[in-house]
Amino acid sequence: MPQGETVYEHYSIPAFDQCNFPTFNVGDDIKSNKYLVSKGDILLSKLNPMTKRLWYPAVLTDNAVCSTEFMIYKTSESHRGYVYALLNSNRFMDYIASIATGSTNSRQRCKPKDTLDFEFVYDENKANEFSEIVNPMLDSMVCTTVNNNKLQILRDTLLPMLMNGETVLI
């Protein structure tokens, strides 16, 4: 569990649902266990698989963590786009919904190891070719998300000042 005054890049279900962007929290404010997230990881919620929560995280810092409600798929750079597309497919999402356990739709979860039983066609060369095309697109999407978040912070900082008649120099 993160502790102390270190700031963590925190990938959580609420952050995903709100704006698909991590929050930045001091370790003492994080109250539950977390998994470390590395550059190249892909996150998929194991909670309520009927609601797709698939995250291609930016991993902006060395202190990235995620909720234990996420399954972390480790990928190589050369296959990241391929793995993301596979996890994002309707066939895979239907599969994990079919293997979820739990008594109600609000409490269902997938077991990470069970997702590894998903069968799919794999060709190393095709996976490399696909990822060469898709990785830059996914990276561009992440860059856009980061820039949108920066603009939102700037807007939320400057707008109240402007509304109060303050002069703002940028």
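The values are calculated or read from the model by the stated rules, or taken from the named source; none is laboratory data. Here the structure is a predicted model, which means the values were calculated and not measured. Don't worry about glycine lacking a Cβ; one is built from the backbone with ideal geometry, like all the others, and counts go over all protein chains shown. Each accessible area value is taken on the protein alone, full model and side chains, heavy atoms only, with ligands, DNA and RNA left out. Shrake-Rupley method; radii C 1.70, N 1.55, O 1.52, S 1.80 Å.
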Computed E for R109/S76 - FRET, C-beta separation, R0 22 angstrom, nearest 0.05: 0.20
Extension gain from D17 to F118, taking 0.36 nm per residue of separation minus the Cα-Cα distance: 33.8 nm
Within the chain, longest stretch free of exposed GluC sites (Glu not before Pro) [DSSP loop, at most 10 other beta carbons within 10 Å]: 6-118
M137-A85 pseudo-label distance in nm [points 7 Å out on the Cα-to-Cβ vector]: 0.7
Charge sum, other residues only, whose C-beta stays under 11 Å from E5's C-beta, Lys/Arg counted +1 and Asp/Glu -1: -2
Solvent-accessible area, 1.4 Å probe, carbon plus sulfur percent, for the chain: 54
Full-stretch length increase - I99, L151 - with 0.36 nm per residue and alpha-carbon distance subtracted: 14.7 nm
Distance (nanometres) between label positions extended 7 Å along Cα→Cβ at L54 and L169: 4.9
Solvent-accessible area per residue, Å², over region 30-170 with all protein chains present [probe radius 1.4 Å]: 63
Centroid-to-centroid separation of region 47-61 and region 125-170 [C-alpha atoms, Å]: 18
Using θ = phi - 60° and Karplus 6.51 cos²θ - 1.76 cosθ + 1.60, couplings along region 13-27 (whole Hz; Gly, Pro as x): 4, x, 5, 4, 5, 6, 8, 6, 9, x, 9, 10, 10, 6, x
Two-decimal log10 I(q)/I(0) for region 60-170, as the Debye equation yields it once each C-alpha is a single scatterer, q = 0.21, 0.23 Å⁻¹: -1.23, -1.31
Percent RCO, i.e. relative contact order, over region 28-142, from Cα pairs under 8 Å lying at least 6 residues apart: 30
Amide proton proximity set for M71, modelled H, under 5 Å, gap of 5+: L44, S45, K46
Simple spin-label estimate for F130 and N33 in nanometres, 7 Å along Cα-Cβ: 3.3
